[in-house]
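The values are calculated or read from the model by the stated rules, or taken from the named source; none is laboratory data. As the structure is a computational prediction, the values presented were derived from the model and not from experiment. We place every Cβ from the backbone using ideal geometry, glycine too, and count neighbours over all the protein chains shown. The accessibility values were calculated without ligands, DNA or RNA, using every heavy atom of the protein model including side chains. Shrake-Rupley method; radii C 1.70, N 1.55, O 1.52, S 1.80 Å.
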Amino acid sequence: MNHEASPPTALTGLTTDGLPTDPLESRVTALVERITVAAERANRNPADVRIMFATKTQHAQTILAAAAAAKNLGIDVLLGENRVQEITAKAATFAELGTTAHLIGPLQSNKINRALDSLLTSASPGWVHSIDSITLAQSLGSRAFARGAELPVLVQVNVSGEETKSGVGVDNALDLATGVAQTPGLSLRGFMTIAARTHDSELVRQGFSTLRELRDALVATGDNGTQHATELSMGMSQDLELAIIEGATIIRIGTAIFGPR
Ligand SMILES: *Cc1c(COP(=O)(O)O)cnc(C)c1O
């Protein structure tokens, strides 16, 4: 089959070989195909890898269209935003989708209250993927606790050690996660990372493998508060296959769905 060769037929919305002409739907389809191939290589069930759309800088209409395209293909996606302000500004969009975005960018302490205002509004609250210090965990936890909430969070680890990257260092990650697991108002769900910016795929894969080992070591302690810390939020448009092979449970995808920013 040569897909490029098939002109779209306006009447059916399908190309002559039956592919959808909606570019968002085609991109979701291509993404699902990549996930399936990688999961099969790793002997994993593709359904155990959840897709998060990283929606930073995207307009409401684009986010709604992308979520609808996924839904048409039977996929419920998570949504991730990098900035509290953007989650707040797009609150109506996320509400329309019956959810709120997860916060996947850094959280400054002066934004905690506004973050909680947004994250705790819907029946499925957004998680914070970027816990990188015990100070942040405790202020976030105590304020969530005061609102009668238990906020799902991930500890972000800087597996590459690159100075420009956020996240706790690998050597301190287990201590931090243990502390977060004991923090009232927070529910530790696992770990998040952004891989090294390199074409050296072995290095990228090692970083993902480090995150998995941290998760396994934490869960193996059996400590109170660690039993739900099973998630691995890792893998983006460039490196999702390596992340899935190393156990990713949530991949965060921007470019492969929305195009270059
Ligand atoms: C933008 C972003 C992504 C998605 O990156 P792509 O390479 O565009 O898929 C994932 N995670 C975080 C934290 C991001 O900021």
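Some observations on this one:
- Listed by position, the strands (runs of 3 or more DSSP E) contained in segment 177-261 that have at least 1 residues being within 10 Å of the ligand (Cβ to nearest atom) and among the basic types (Lys, Arg) are 250-253.
- A search for C-beta distances below 9 Å between a residue of segment 203-227 that is under 20 Å from Pro184 (Cβ atoms) and without any contact (Cβ under 8 Å) to a residue 40 or more places away in the chain and any residue that is of a type outside the set (Asp, Glu) and open to solvent by 40 Å² or more (accessible area, probe 1.4 Å), counting only pairs 6+ apart in sequence or on different chains, returns Gln227/Val219.
Okay, residues lined up against (1) assigned to a helix (DSSP H, G or I); (2) modelled with pLDDT under 95; (3) not acidic (Asp, Glu):
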{"site": "Gln85", "(1), (2), (3)": "yes, no, yes"}
{"site": "Gly98", "(1), (2), (3)": "no, yes, yes"}
{"site": "Arg114", "(1), (2), (3)": "yes, no, yes"}
{"site": "Thr121", "(1), (2), (3)": "no, yes, yes"}
{"site": "Gln138", "(1), (2), (3)": "yes, no, yes"}
{"site": "Ala144", "(1), (2), (3)": "yes, no, yes"}
{"site": "Val155", "(1), (2), (3)": "no, no, yes"}
{"site": "Asp171", "(1), (2), (3)": "yes, no, no"}
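- Among the residues making up segment 94-110, none is within 16 Å of the ligand (Cβ to nearest atom) and farther than 20 Å from Leu140 by Cβ.
- Checklist (1) within 19 Å of the chain's Cα centre (by Cα); (2) open to solvent by 50 Å² or more (accessible area, probe 1.4 Å); (3) at pLDDT 95 or above applied to Val77, failing item: (2)
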